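Participant: Sending over a structure as structure tokens; questions will come in a sec.
The values are calculated or read from the model by the stated rules, or taken from the named source; none is laboratory data. None of these values were measured; they are calculated from a predicted model. Backbone-built Cβ (ideal geometry, glycine too); neighbour counts: all protein chains shown. The protein model used for the area step is the full one, side chains on, heavy atoms only, and it has no ligands, DNA or RNA in it. Shrake-Rupley method; radii C 1.70, N 1.55, O 1.52, S 1.80 Å.
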Amino acid sequence: MYIEALGGPYAGVGSIVALCDTNATRMSYYAKVLDAAGAPAPATYGADRFDRLLHEQQPDAVVVTSPDHTHAGYVVAALDAGCDVVVEKPLTTTLDAARAIADAARTATGRLVMTFNYRYSPRNSALRQVIADGAIGSVTSLHFEWVLDTVHGADYFRRWHRHKDRSGGLLVHKSSHHFDLVNWWIDDVPATVYAAGGLRFYGSDNAAARGLGPRPARSTGDPSAADDPFALDLLRDDQLRSLYYDAEADDGYLRDQDVFGPGVTIEDNAAVLVTYAAGAVLSYSLNAHSPWEGYRVSVNGTQGRVELEVVERGFVLPAGAAGVVNRPAIDPSVAPDSPLAANIGNIRPAGQRLLVQRHWEAAREVAIPAGDGAHGGGDSQLLDDVFRPGAGPDPLRRRAGYVDGLRAVAVGLAANASMETGTAVRIADLGLPMGTTGSG
């Protein structure tokens, strides 16, 4: 996203001077993307030469999109070098790393920007506006359910995300988006967290319990992959082939591991209870093997209730089924399926609805502005704030900084700790700067 932006519509804002990665083949791929856009060729550095990059290139800003467990090293080094830093969620995966980032950000001359693109989705901004306008009074409780389908959800279990020491698990990697939305919607600070969850569908133990037979360790090149809806054949997609299959010799990373293979250490089902400083309570649930994808949010207040329902994909069919020509897009919020594949016989069509109902009144629907592009139209607006900061008003305070990142990841880290101990965790005990209610 960032490479295409700086090689295209934001080329006049800045240029990419260097790429840093563990994999030379992937850097070469994106150097060609920039060349095709007429952008200057970037210098390339291995991951172990990041300090040298900072010294030789002296960049104004560093964009961190590496695996989650590596974020802190890059963020801290770049801040210490005086750079602005743009970092993808989650901010990091461990408490020690979060403290290191917080310490660096406090004294940094550069700014740290968290890219919480879901804030910019028009439907999520509309919900924030309803609450901020006082339409339902003071918030007392929320319920937030997010379901990932058997294409998008499964993909976390074939990539590096399947290892909790690399991703922090889905409550850190994925749910940081969702916890940030809640923190932002109600403009409050999380106080205590209790969580329960486990690996209930993916992984070798669950496969054996359901009677699944032997499976290949990876999909690509295996004849059975053609008929396996959980398989990902890297050779059937030119970009996946170029970025992963052709790059395996560099670092040995396999993008197409079996989701029912051994070694999965993250949860695929989780429930979290969060209390907030001003008194609201959140009940949150995440499922990674749903037949449809989307989310439901209900917010109760002293004067009524607001409900947001989003269907990003109503169902998925395997390649070869009626009306399905190609494999479904992995993430429907980034690359929606064709209208034909998305709506054949579908009584749960993709869509969104925001309802407000005050006490003693009928419900009314709130119009959601149209948004084009990935993540509900949020990515393009996020890029404006990243590359043209301060260019326009921000009445909903969608621009996120390091404290917002800490607030979101703190809930995920506390949830992981709670699942380990079976007890509630006080956010204050984590020793992270959380700011105050009304400061988000």
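Participant: For a quick check of your reading of the model, give me the residue pairs whose first member lies in the stretch 98-121 and is in contact (Cβ under 8 Å) with a residue 60 or more places away in the chain, whose second is open to solvent by 20 Å² or more (accessible area, probe 1.4 Å) and basic (Lys, Arg), with beta-carbon atoms closer than 7 Å and at least 6 apart or on different chains.
Facilitator: Met114/Lys89; Thr115/Lys89; Phe116/Lys89; Arg119/Arg398; Tyr120/Arg398
Participant: With over 21 Å from Asp187 (Cα atoms), surrounded by fewer than 14 Cβ atoms within 10 Å (Cβ to Cβ), touching a Lys or Arg at 6+ places or on another chain (Cβ under 9 Å) and basic (Lys, Arg) as the only criterion, which of Arg364, Arg388 stands out?
Facilitator: Arg364
Participant: Sticking with this one: Which members of the stretch 87-126 meet the condition of being of a type in the set (S, T, N, Q), out of contact with any Leu (no Cβ under 7 Å at 6 or more places or on another chain) and in a helix (DSSP H, G or I)? Walk me through it before giving the result.
Facilitator: Applying the first criterion (of a type in the set (S, T, N, Q)) to the stretch 87-126 yields 92-94, 107, 109, 115, 117, 121, 124-125.
If we keep only those that are out of contact with any Leu (no Cβ under 7 Å at 6 or more places or on another chain) as well, we get 92-94, 107, 109, 121.
Result: Thr107, single match.
Participant: Among the residues of the stretch 137-162, what is the count of those that are among the hydrophobic types (A, V, I, L, M, F, W, C) and open to solvent by 20 Å² or more (accessible area, probe 1.4 Å)?
Facilitator: 2
Participant: Same structure, new question: Give just the number: which of (1) touching a Ser or Thr at 6+ places or on another chain (Cβ under 8 Å); (2) outside any loop (DSSP other than H, G, I, E, B); (3) within 27 Å of Glu312 (Cα to Cα) does Asp165 not satisfy?
Facilitator: In the conditions (1) touching a Ser or Thr at 6+ places or on another chain (Cβ under 8 Å); (2) outside any loop (DSSP other than H, G, I, E, B); (3) within 27 Å of Glu312 (Cα to Cα), Asp165 misses (3) alone.
Participant: Follow-up. Determine whether the stretch 266-287 contains at least one residue that is open to solvent by 10 Å² or more (accessible area, probe 1.4 Å), within 23 Å of His163 (Cβ to Cβ) and not in a strand (DSSP E or B).
Facilitator: yes
Participant: Would you mind finding the one in Gln381, Gln352 that is at pLDDT below 95 and either within 28 Å of Ala329 (Cα to Cα) or in a helix (DSSP H, G or I) (or both)?
Facilitator: Going through Gln381, Gln352 in turn, just one is at pLDDT below 95 and either within 28 Å of Ala329 (Cα to Cα) or in a helix (DSSP H, G or I) (or both): Gln381.
Participant: Please pick out the residue among Gly8, Gly110 that is more than 30 Å from Ala417 (Cα to Cα) and modelled with pLDDT of 95 or more.
Facilitator: None of the others qualify; the one that does is Gly110.
Participant: If I filter the stretch 177-208 down to residues being open to solvent by 30 Å² or more (accessible area, probe 1.4 Å) and of a type in the set (Phe, Trp, Tyr), which single residue comes out as farthest from Ser125 (Cα to Cα)?
Facilitator: Here the residue is Phe201.
Participant: Checking the structure you have, find out if any residue of the stretch 392-404 is touching a helix residue (DSSP H, G or I) at 6+ places or on another chain (Cβ under 6 Å) and of a type in the set (Lys, Arg).
Facilitator: There is at least one residue in the stretch 392-404 that is touching a helix residue (DSSP H, G or I) at 6+ places or on another chain (Cβ under 6 Å) and of a type in the set (Lys, Arg).
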